[in-house]
Amino acid sequence: MPGNSLIDDGCSNPSPAQVKKNLARALISALSEKCQAYCVLSGYEGLPESFDTDIDFMVNREDFQRIPRIIEDLARQNHTQLFQSIEHEVTARAFQLVSLSGQTLTVVQLDSASDYRHFGSLWLRANEVLAARRRHPNGFWIPSAAHEFIYYLIKRLNKRDFGPEHGSRLHRLYAEDSPACDGMIARFWSAQQRIALSRMAGSGDWTELSASLELFRAELMRRTGESLSQRVLSIPKRAMHVLGRIVRPTGAWIAFIGPDGSGKSAVIGAVKRQFAPAFRDVQSFHMRPRVLPGSAVAGAAVTDPHGQAPRGIIASIAKAFYLAADYFLGYAMQIAPALCRTRLILFDRYIYDLLVDSKRVRYGGPGWLLGLVARIVPRPDLIILLDAPAEILWSRKQEVPFDEVVRQRSAYLELARRLPSTVVVNAAQPVADVIQEVSRALIAHLSRRTARRLRLQISPFPKSRIESDAPSFR
C-alpha cells in the first residue's frame, strides 16, 4: 500500500505473529484512509503490534458497504487470502484472512459492523458511537469509555458468559467516566437493577450479576435500541438474513477419496488440526453419515475389504436404497445444519469410493443403480482424490491384489475427470507436502466461494498450484 508506514517489509515465510502484526497495521491505515470515520470496538489493547483473536471495528453505514473491497485489497497487498465472510448480523460481517507457511496456517478475523446488533436486536447506532470516539495513544480511534462499557456489558450478557476478567475490564472503563456509564446503564435497565449495576461497576464486585445473570439479561432484552414499529419493519430484512445463511452456508464440506494406502487418515487428521481455528467446530464421518444403523463401526479399520462374498441381487438393491436414504437423511439432519453453523465437515471416503470398489460393502447389484445413487445424493463442496502410483499404494497396504490396486487407481482417475469440484493431489509426495497441497486446495476453494458471494475479483491463492475447480492431475 503506497505511503503506508504501518506495514513492515514482507518476508517469504512470515511467522503467525508477523502476519497478524502486518494485517493489524494495514487495517488501521486502510480504515484511516478510506473511511469517513471508524473506531476499534475491542481487542485493541496491544494494537497495532499484537492482538488476541480478532479485531472488532465499527464504521458508518455507507462505509460498511465498501468494507469487503477494502478487506480484499488489504489481503492481497499483505500476501494473505480472503478465505471466509460471515454475515452474522444484518449490520455486521466478519472476514477471515489466512496465510499458509509450510504446515502453519494463520487465521486472522476482522469483524466489521455499522449499527451494533447482537442476537438480532439493535443496541447502539454507529453515528452515535463514532461521534463520541476518542483517539488511542497509539494513534487509532476507539469508542468513548461509556460506549465501550455498555457494548462490552451487553455482549457478555447476551452470550451468557461473564467471568472475573470481564468484570475487571468493565470496572476499569467505569472508573474512566462513571457519570456517562451510569447514563448508558439507565438506558437499558430499570431503577433497581440500574443501581445494582452501577454499584458493581464502581466496586468491581460482580457477584450479584453472576448469581442473577438471567434476570439482568431479561430486563436488557426488553429495552433494545429499537421501537416496536422499527422492530416490525426490520422483520423482512432479518428474515432475508436468516434465509441467506441457509442458502449460502458458511461451513465447508470436504470428501477425501482414494485407494487404500493413499494416506487419507493422516491428511484428514492434519486438516482437522490446521483448520479448527477457522470454523466453529470440525466433524468427521467415515463413508456415510450413519444416521441409519449399520453393522460396521464408524471409522473402524478395514483389513480385508474383499473378505466377504457379495450380497445377492435383492439384498444389494436394498443396500443401494439404504445408502441413498442414509445420505439424504444425514444431509438434512446433520450436514446441512452444521454447514449453516460454520462447521467443517470432513468425510473419509464417500459414495464415490463405492463406484470404484463396490465389493467393500458387498454390493452385488447392477452398477447403474449404484451410479444413480451417487448422482442424486447430496454432493460435497469439494472432493479431494489422493492419488499415487500403484506400486507406492501397494507398498503401503497389501490388502487387495496388486492388479486390483492398478484397476482402482485407474478408475479413481477416470471418476475424477467426471466429478465436478474435484482436485487430484499427488499422495506419493512426503506427507508434509501432501498436507500443504490439500490445505491450499481447501483455501483456494473457499476463497473463490467468498469472492463470488461478495462479487469480488476471483484470484488464486498465492503460490498455489491449484488454479481452478477443474481436476489437477499429477
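Kindly indicate which of 266, 218, 191, 211 is hydrophobic (A, V, I, L, M, F, W, C), surrounded by fewer than 16 Cβ atoms within 10 Å (Cβ to Cβ) and closer than 30 Å to residue 419 by Cα.
When all the criteria are applied, what remains is 266.
Going by the conditions given, is residue 51 under 29 Å from residue 441 (Cα atoms) and in a loop (DSSP other than H, G, I, E, B)? Break it down stepwise before answering.
Working: under 29 Å from residue 441 (Cα atoms): yes; in a loop (DSSP other than H, G, I, E, B): yes.
For residue 51, the condition - under 29 Å from residue 441 (Cα atoms) and in a loop (DSSP other than H, G, I, E, B) - is met.
Are there any pairs, at least 6 apart or on different chains, whose C-beta atoms fall under 7 Å, with the first in segment 350-362 and closer than 16 Å to residue 285 by Cα and the second among the hydroxyl-bearing types (Ser, Thr, Tyr) and at pLDDT 95 or above, and if so, which?
351/327
To keep it simple, each residue is scored yes or no on (1) touching a Ser or Thr at 6+ places or on another chain (Cβ under 7 Å); (2) in the same structural domain as residue 350 (by TED's automatic domain parsing); (3) surrounded by 14 or more Cβ atoms within 10 Å (Cβ to Cβ); (4) over 22 Å from residue 437 (Cβ atoms).
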position: 364; (1), (2), (3), (4): yes, yes, yes, yes
position: 375; (1), (2), (3), (4): no, yes, no, yes
position: 382; (1), (2), (3), (4): yes, yes, yes, no
position: 388; (1), (2), (3), (4): yes, yes, yes, no
position: 399; (1), (2), (3), (4): yes, yes, yes, yes
position: 402; (1), (2), (3), (4): no, yes, no, yes
position: 406; (1), (2), (3), (4): no, yes, yes, yes
position: 410; (1), (2), (3), (4): no, yes, no, no
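Tell me which residues, restricted to segment 92-132, are outside any strand (DSSP E or B) and surrounded by fewer than 20 Cβ atoms within 10 Å (Cβ to Cβ).
102, 103, 119, 120, 125, 127, 128, 131, 132, listed by residue number.
So which helices (runs of 4 or more DSSP H) stay within segment 186-295 end to end and still have 1 or more residues that are in the same structural domain as residue 448 (by TED's automatic domain parsing), in contact with an Asp or Glu (Cβ under 8 Å, 6 or more places away or on another chain) and of a type in the set (Ser, Thr, Tyr)?
264-275
Here's a check for you: in segment 354-376, which residue that is basic (Lys, Arg) and in a helix (DSSP H, G or I) is modelled with the highest pLDDT?
375
Which number in (1) exposed (fewer than 14 other Cβ atoms within 10 Å of the Cβ); (2) within 30 Å of residue 445 (Cβ to Cβ) marks the one condition that residue 254 misses?
(1)
For segment 377-410, which residues satisfy the criterion of being modelled with pLDDT under 95, charged (D, E, K, R) and part of a loop (DSSP other than H, G, I, E, B)?
Passing the criteria: 397, 399.
Yes or no: residue 472 of a type outside the set (Phe, Trp, Tyr), at pLDDT below 95 and under 28 Å from residue 68 (Cβ atoms)?
Criteria not met by residue 472.
The values are calculated or read from the model by the stated rules, or taken from the named source; none is laboratory data. Model, not experiment: these values are computed from the prediction. We place every Cβ from the backbone using ideal geometry, glycine too, and count neighbours over all the protein chains shown.
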